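Peer 1: Before I ask anything, here is the structure I am working with.
Every number in this text was worked out from the coordinates using simple rules, so none of it is lab data. Everything numeric in this text was worked out from a predicted model, so none of it was measured. Glycine also receives a Cβ, built like all others from the backbone with ideal geometry; neighbour counts cover every protein chain displayed.
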Amino acid sequence: MKKRTLSLILATALVAGSLMGCGGSSAASTSAASSEPAAEPAVEAQAEAEPSSVLNIYCWNEEFKTRVKDHYPGYEEVDATHGKIGDVEVAWNITPNENNAYQNNLDETLLGMENAEQNDRIDMFLIEADYALKYIGTDYAMPIADLGITEEDLANQYGYTKDVVTDGNGALKGISWQGCPGVMIYNREAAKEVFGSDAPEDIQAKFADWDAFVASAAELKAAGYQAVSSVNDTFRVYSNNVTSPWVVDGKINIDANIDKWVDDSKALVDAGYAGTHDLWSDDWSKGFYPEGKVFAYFGPAWLIDFCMAADTEGSIANAGGWAATEGPQGFNWGGTWICAAAGTDNADLIADIMKALCCNEEIMIDIVKQDNDFVNNKPAMEAMAADTSYGDAVLGGQNALAMFCAGADKIVMDQITTYDQGCNEEFQKAMRDYFEGKLDKDAAIAAFYKAVVEKYPELTY
């Protein structure tokens with residue numbers, strides 16, 4: 001990708017929605033503003049900068065803060081928004097994703113870095129796959145190599161986690177402690193009732209491809225269940241298996257697999273096999289409970305343990321009533337990457353945090369055991385997949401990590417663009433009107449094109 005100043009990229013990305021409301025990724029939508037480039041950040045040479053007494057970290061929820069607090073040696077919690085590492089104060093600037101608040105706050109602060117006081121400058125900030133290119137294509141994110149992190153340090157990471165945050169010049173500008181391969185998460189009791197078994201291999205045979213999925217959905221409907229809460233549950237499975245990007249040579253492009261999602265989803269809705277609820281809505285999450293009568297959700301490890309009401313009495317997750325199988329296709333959803341802000345005066349500390357949480361196999365195994373996270377370290381995950389003492393309580397004690405490992409090895413993220421957030425969100429919004437019979441397919445696609453061009457005036461269709 002050709003490097004662009006942050007202000008030019010931010011100008012096309014400033015209005016939001018949330019795709020990961022529980023604490024993982026968001027997919028904020030974007031709108032057009034001025035395209036005049038601002039000055040590049042005033043970056044002092046790291047060797048000349050005196051270490052600051054404050055490490056400022058910008059993120060959208062408590063996830064990374066929890067990882068640091070629980071797993072980074074020497075971190076001391078002071079209060080809800082402050083910690084301490086040696087003589088350095090750690091200041092957590094946590095702004096929720098809703099209404100694009102996190103990105104707006106981060107953008108404004110990055111654009112003001114040149115005039116910021118030393119202790120007010122951003123040192124680290126977190127990004128997600130859907131909008132990663134917005135930041136790593138600028139000089140506001142430092143190359144990881146400039147922190148002294150080597151290819152050898154990163155040798156055990158999954159390749160796609162590097163691809164997402166590599167700029168057009170081949171510079172790696174972010175690092176992640178987690179991977180987010182996805183699986184099909186199904187209701188054990190419903191599986192036994194409808195299919196006579198809740199064994200993952202038996203359920204996989206019933207949902208091995210999309211044709212099998214539809215046939216099994218018919219059986220579920222006859223028993224009073226929906227196959228999935230919403231057709232939006234399957235969107236990421238299709239969109240992660242495309243062969244072309246959302247934008248090609250400045251023109252909006254609808255990949256054949258995205259079009260297949262539209263046709264397959266319309267058939268599911270018309271047959272009563274799935275609803276059209278927005279992800280994270282109350283109607284969508286009713287299936288977290290037995291009375292919701294939903295057979296399956298699609299998601300990665302973070303969805304299973306952090307988003308399915310595991311701590312709520314009466315939920316299926318609380319009773320360990322879910323299980324996992326591969327489903328019709330492998331996919332990836334979400335992920336969190338750590339970036340070092342250009343001009344930071346705490347480069348050594350940032351590098352140490354990155355190496356500890358993202359490269360240290362022992363610490364990463366502890367993250368799996370304590371947090372049920374899928375970590376970005378192949379040997380660690382392979383060891384945990386083979387650990388017969390490990391199991392996820394939400395999945396009734398099932399160790400599903402071998403499925404996640406197999407999926408992570410197959411993930412390819414070579415079709416991402418800076419427009420993915422806006423296109424993904426607007427496409428699902430427009431297609432809902434088609435699924436619900438408010439528009440025909442052509443009119444819904446026309447509405448999608450119009451909405452995207454309003455956000456990205458430089459695009460055509």
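Peer 1: Do me a favour and compute the ellipsoid semi-axes for the range 286-340 from its Cα gyration tensor, root of five times each eigenvalue, largest one first, whole Å.
Peer 2: Whole-Å semi-axes of the equivalent ellipsoid: 24, 16, 8.
Peer 1: Any number yet on Rg/Rh for the range 263-386, C-alpha, Kirkwood?
Peer 2: 1.07
Peer 1: While we're here: Percent of Cα-Cα pairs per 10 Å bin, from 0 to the last occupied bin, for the range 67-127, please list those.
Peer 2: 19, 45, 33, 4
Peer 1: Taking a cut-off of 26 Å, what percent of all Cα-Cα pairs in the range 63-180 are separated by more than that?
Peer 2: In whole percent, the share of Cα-Cα pairs in the range 63-180 beyond 26 Å is 25.
Peer 1: Can I ask one more? Quick one: Cα centre-to-centre distance for the range 170-246 and the range 78-101, in angstrom?
Peer 2: 36
Peer 1: Which whole-number percent is the relative contact order of the chain (Cα, under 8 Å, 6+ apart)?
Peer 2: 23
Peer 1: Here's a follow-up. Quick one: which residues, 5 or more positions from residue 141 or on another chain, have an amide H under 5 Å from its amide H? H modelled 1.01 Å from N in the peptide plane, none for Pro or chain starts.
Peer 2: Under 5 Å from the amide H of residue 141: 342.
Peer 1: Then there is this: Enter the angle in degrees (range 0 to 90, nearest 10) between the Cα long axis of helix 361-371 and the first principal axis of the Cα atoms of the chain, meaning the one along which they spread out most.
Peer 2: Value to nearest ten degrees: 50.
Peer 1: Beyond 27 Å, what share of the Cα-Cα pairs of the range 87-243 remains, rounded to the nearest whole percent?
Peer 2: 49
Peer 1: Once both axes come from the Cα atoms, what is the angle between helix 420-435 and the longest principal axis of the chain, in degrees from 0 to 90, rounded to 10?
Peer 2: With both axes taken from Cα atoms, the answer is about 20 degrees.
Peer 1: Let's test the formula: R0 of 30 Å, r as the Cβ-Cβ distance of residue 244 and residue 283. What FRET efficiency results, to the nearest 0.05?
Peer 2: Computed FRET efficiency for residue 244 and residue 283 comes out at 0.35.
Peer 1: Averaging the inverse of every distinct alpha carbon separation and then flipping it gives the Kirkwood radius. What is it for the range 368-461, in angstrom units?
Peer 2: 16.8
Peer 1: While we're looking at this one, here's another question. Could you give the Stokes-Einstein D for the chain in µm² per second, using the C-alpha Kirkwood radius, 37 °C, 0.692 mPa s?
Peer 2: 144
Peer 1: Listed highest first by mean packing, meaning other Cβ atoms within 10 Å per residue, what order do 124-136, 214-226 come in?
Peer 2: 124-136, 214-226
Peer 1: How would 82, 277 line up from fewest to most surrounding beta-carbon atoms within 10 angstrom?
Peer 2: In increasing order of surrounding Cβ atoms, one gets 82, 277.
Peer 1: Of all DSSP beta bridges located in the chain, what percent are antiparallel, nearest 5?
Peer 2: 70
Peer 1: Between the helical axis of 347-359 and the dominant principal axis of the chain, each derived from Cα atoms, what acute angle in degrees is found, rounded to the nearest 10?
Peer 2: On a 0 to 90 degree scale, this one is about 30.
Peer 1: Only Cα pairs under 8 Å and at least 6 apart count here; give the relative contact order of the range 198-308 as a rounded whole percent.
Peer 2: Taking the mean separation of contacting Cα pairs over the length of the range 198-308, I get 33 percent.
Peer 1: Here is a follow-up. Arrange the following residues from fewest to most other Cβ atoms within 10 Å of their Cβ: 295, 235.
Peer 2: 235, 295
Peer 1: Just from its helices, what would the mean residue ellipticity at 222 nm be for the chain, if runs of 4 or more DSSP H residues each count -39500 (n - 2.57) and the sum is divided by every residue, rounded to the nearest 500 deg cm²/dmol?
Peer 2: That calculation yields -10500 deg cm²/dmol at 222 nm.
Peer 1: Let me ask something else. Roughly how many nanometres apart are two label points built 7 Å out from the Cα toward the Cβ at residue 202 and residue 155?
Peer 2: It is 4.5 nm.
Peer 1: If you don't mind, another one. Kirkwood Rh over Cα pairs of the range 202-337 into Stokes-Einstein at 25 °C, 0.890 mPa s: D in µm²/s?
Peer 2: 155
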